[in-house]
Amino acid sequence: MKMSRRLCTPALVLIGAMFALAACGDTKTEYTYPDSRDQDPTLRGFKKDSEGLFGSDGLLSYGKKDEGGGSGIAVNSFLWRASLDTLSFMPLASADPFGGVIITDWYTPPETPDSRFKANVFILDRQLRADGIKVTLFQQRRDPSGGWVDAEVNRRTASDLEDAILTRARQLRIAATAAR
């Protein structure tokens with residue numbers, strides 16, 4: 001028992017010193033990130049004038065109304081709501097408002113029971129812009145043995161879905177500004 005206490009105390013002191021050193025640093029460092037159109041989606045939400053990981057106002061500062069119609073989420077709220085509205089006929093597998101990712105589960109249209117679709121929606125910007133959304137569609141068809149095999153999706157279908165989401169987002173924004 002004495003041996004474990006001798007080892008435990010220096011380890012705790014070392015860990016405490018590491019945390020103290022990690023807290024030291026220049027908090028006024030400015031970082032320059034690429035423009036949102038060139039930005040990697042994994043860097044979304046980080047700002048040059050941010051005062052920490054979650055901004056000066058904490059976690060909800062990413063959803064300020066003057067930055068794209070937010071309501072406490074890290075992406076444009078009109079694009080987010082429009083994406084959910086447009087994909088409401090498909091079952092949701094996952095929806096992350098802070099990362100701007102919506103993943104649907106497989107959906108089989110009633111008129112084509114041998115074909116099913118899945119969609120991934122990525123909201124890439126906090127502004128309501130045409131290049132602020134990316135839709136990826138997947139399709140599978142039933143083979144003669146009854147299993148599902150991947151099939152190629154027409155690129156125009158994903159583009160049409162993006163257009164439908166953008167149209168709905170514009171409608172939501174117009175309705176929000178008319179209500180003011």
Subset of the stretch 98-117 [aromatic (Phe, Trp, Tyr) and either in contact with a helix residue (DSSP H, G or I) (Cβ under 8 Å, 6 or more places away or on another chain) or surrounded by fewer than 18 Cβ atoms within 10 Å (Cβ to Cβ) (or both)]: PHE98, TRP106, TYR107
Please verify whether LEU137 is closer than 30 Å to ALA178 by Cβ and in contact (Cβ under 8 Å) with a residue 12 or more places away in the chain, treating the condition exactly as stated. no
Residue by residue through the stretch 118-131, note down the ones that are in contact (Cβ under 8 Å) with a residue 60 or more places away in the chain, touching a strand residue (DSSP E or B) at 6+ places or on another chain (Cβ under 7 Å) and not in a loop (DSSP other than H, G, I, E, B). PHE122
Could you grab me the full set of residues in the stretch 90-120 that are among the β-branched types (Val, Ile, Thr) and more than 17 Å from GLY146 (Cα to Cα)? VAL101, ILE102, ILE103, THR104
Going residue by residue through the stretch 142-159, is there one that turns out to be within 20 Å of PHE78 (Cβ to Cβ) and assigned to a strand (DSSP E or B)? no
Of those in the stretch 156-180 that are over 22 Å from the mean Cα position of the chain (by Cα) and either surrounded by 14 or more Cβ atoms within 10 Å (Cβ to Cβ) or not β-branched (Val, Ile, Thr) (or both), the residue farthest from SER83 (Cα to Cα) is ARG180
Residue ID - nearest to ARG81 (Cα to Cα), chosen from residues in the stretch 118-150 that are surrounded by fewer than 14 Cβ atoms within 10 Å (Cβ to Cβ) and hydrophobic (A, V, I, L, M, F, W, C): ALA130
Those residues of the stretch 104-117 which are in contact with a strand residue (DSSP E or B) (Cβ under 6 Å, 6 or more places away or on another chain), without any contact (Cβ under 8 Å) to a residue 24 or more places away in the chain and either in a loop (DSSP other than H, G, I, E, B) or not hydroxyl-bearing (Ser, Thr, Tyr) (or both), in sequence order: ASP105, THR108
Note on the stretch 140-167: residues of a type in the set (Gly, Ala, Ser) and free of Cβ contacts under 8 Å to residues at least 60 places away in the same chain are SER145, GLY146, GLY147, ALA151, ALA158, SER159
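Every number here is computed from the coordinates shown, using simple stated rules; none is lab data. Please read all numbers here as calculations on a predicted model, not as lab measurements. No Cβ is skipped: glycine too gets one built from the backbone with ideal geometry, and neighbour counts run over all protein chains shown.
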